[in-house]
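The values are calculated or read from the model by the stated rules, or taken from the named source; none is laboratory data. Please read these numbers as outputs of a predicted model, since none were measured by experiment. Positions of Cβ are generated from backbone atoms using ideal geometry, with glycine treated the same way; all protein chains shown enter the neighbour counts.
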Amino acid sequence: MKIAHTYILMNCPEILPFYNEFRASLSAFPDDAIDAMVDSDFALWYQQQIRYRGINDPLLVSLSWGPSSYAKVWHSYVINGYTYHTVEYGEGRPTMNSGLCVPTIGSDNSETNFFGFLHEILELQMPSGLQELTCVLFRCTWVDP
């Protein structure tokens, strides 16, 4: 769950100031070493910062505790009115719904679309007593055009 926790934190805009502070504190190291330390240490460091600073924002506290030690695995999931299926779930069915397109905007404001196939859907609960969050992660294989 440590990898999932770090991934969730890295994709929350509310965490960006903490992430920037963590990276800045490691500026003496080369970038590849910093990336490795983010993977191994950032989630724990973030949790400690929330405690030590006495931050009580329900979202930030819930994110600091990370996901519970179990996850629900789904073959199909509905988010915002869209249904997603894993590749395995769609095999042998008349229609497939396991493809994904994720638009991104680069630093030069150019838009790029990434295409992939959905292989696993994990639903994680992040209970902290203040605010329970649900986070859904998709494991995909991305197509290299």
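Return the residue satisfying two criteria in turn: it lies in segment 94-129 and is outside any strand (DSSP E or B) and surrounded by 10 or more Cβ atoms within 10 Å (Cβ to Cβ), and of such residues it is modelled with the lowest pLDDT.
That would be 128.
Kindly provide the set of residues from segment 53-62 that are assigned to a helix (DSSP H, G or I) and more than 17 Å from residue 21 (Cα to Cα), ordered by number.
Matches in segment 53-62: 58, 59, 61, 62.
Of the residues 70, 46, 82, 52, which single one is surrounded by 12 or more Cβ atoms within 10 Å (Cβ to Cβ) and either among the hydroxyl-bearing types (Ser, Thr, Tyr) or outside the structural domain of residue 143 (by TED's automatic domain parsing) (or both)?
Every option except 46 fails the conditions.
In segment 63-84, what residues are free of Cβ contacts under 8 Å to residues at least 24 places away in the same chain and not in a loop (DSSP other than H, G, I, E, B)?
78, 82, 83
Residue by residue through segment 72-85, note down the ones that are within 18 Å of the chain's Cα centre (by Cα) and among the β-branched types (Val, Ile, Thr).
Result: 73, 78, 79.
Any residue in segment 37-49 that's closer than 19 Å to residue 62 by Cα: show its pairings with residues that are modelled with pLDDT under 95 and among the small types (Gly, Ala, Ser) at Cβ separation under 9 Å, as long as the two are six or more apart or on different chains.
Note: pairs meeting the criteria are 43/64; 43/66; 46/64; 47/64; 47/66; 48/64; 49/64.
Of the residues that make up segment 77-93, is at least one within 20 Å of residue 10 (Cβ to Cβ) and touching a Cys at 6+ places or on another chain (Cβ under 6 Å)?
no
Could you tell me whether any residue of segment 26-36 is closer than 23 Å to residue 135 by Cβ, in a helix (DSSP H, G or I) and out of contact with any Cys (no Cβ under 7 Å at 6 or more places or on another chain)?
yes
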